[in-house]
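Visitor: Attaching a single structure in structure tokens format; questions to follow.
The values are calculated or read from the model by the stated rules, or taken from the named source; none is laboratory data. Not measured: the values here are computed from a predicted model. All Cβ positions, glycine included, derive from the backbone under ideal geometry; neighbour counts span all protein chains shown.
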Amino acid sequence: MTPGGLWDANKYEVRAIVKHNGVVSSTIPLAFASKASTFDGTLEVTKEGIYELTVYSFDPATGNSGLDKTTFMVTK
């Protein structure tokens, strides 16, 4: 996925849904990061606990979509 490519990154909505201890705490828009299929955003982690990130991309014109999840724990 690249800007202007076959899967045009400019046409996709790419976001990360953040859960903290099982509750959605924020949704972060992700921007193309100058390498194919690579996007970035900023998450400020200030609380201990379990975080789950669900990253998705969606093309509203075609319905094409994809997602992945990861979980991490923050302790002092």
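Visitor: Taking ILE17, is it touching a Gly at 6+ places or on another chain (Cβ under 9 Å) and in a strand (DSSP E or B)?
Guide: no
Visitor: Let me ask another. Which number in (1) within 30 Å of GLY5 (Cβ to Cβ); (2) surrounded by 12 or more Cβ atoms within 10 Å (Cβ to Cβ); (3) charged (D, E, K, R) marks the one condition that LYS19 misses?
Guide: Evaluating LYS19 over (1) within 30 Å of GLY5 (Cβ to Cβ); (2) surrounded by 12 or more Cβ atoms within 10 Å (Cβ to Cβ); (3) charged (D, E, K, R) leaves (1) as the failure.
Visitor: Residues of the stretch 22-49 being surrounded by 10 or more Cβ atoms within 10 Å (Cβ to Cβ) and outside any loop (DSSP other than H, G, I, E, B), which ones?
Guide: Within the stretch 22-49, VAL24, SER25, SER26, THR27, ILE28, PRO29, ALA31, PHE32, PHE39, ASP40, GLY49 meet the criteria.
Yes or no, residue by residue, for (1) touching a helix residue (DSSP H, G or I) at 6+ places or on another chain (Cβ under 9 Å); (2) of a type in the set (A, V, I, L, M); (3) at pLDDT 95 or above:
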{"position": "THR2", "(1), (2), (3)": "yes, no, no"}
{"position": "TRP7", "(1), (2), (3)": "no, no, no"}
{"position": "ASN21", "(1), (2), (3)": "no, no, yes"}
{"position": "LYS35", "(1), (2), (3)": "no, no, no"}
{"position": "THR42", "(1), (2), (3)": "no, no, yes"}
{"position": "ASP59", "(1), (2), (3)": "yes, no, no"}
{"position": "THR62", "(1), (2), (3)": "yes, no, no"}
{"position": "MET73", "(1), (2), (3)": "no, yes, yes"}
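Visitor: Another question, if that's okay. What residue, of VAL45, VAL24, VAL74, is under 15 Å from the mean Cα position of the chain (by Cα) and of a type in the set (Val, Ile, Thr)?
Guide: Sole residue among the options that is under 15 Å from the mean Cα position of the chain (by Cα) and of a type in the set (Val, Ile, Thr): VAL24.
Visitor: Mind checking which residues of the stretch 10-50 are small (Gly, Ala, Ser) and within 24 Å of ASN64 (Cα to Cα)?
Guide: Hits for the stretch 10-50 are ALA16, SER26, ALA31, ALA33, SER34, ALA36, SER37, GLY41.
Visitor: When the stretch 50-66 is examined, which residues are found to be closer than 21 Å to GLY4 by Cα, in contact (Cβ under 8 Å) with a residue 12 or more places away in the chain, assigned to a strand (DSSP E or B) and out of contact with any Leu (no Cβ under 8 Å at 6 or more places or on another chain)?
Guide: PHE58
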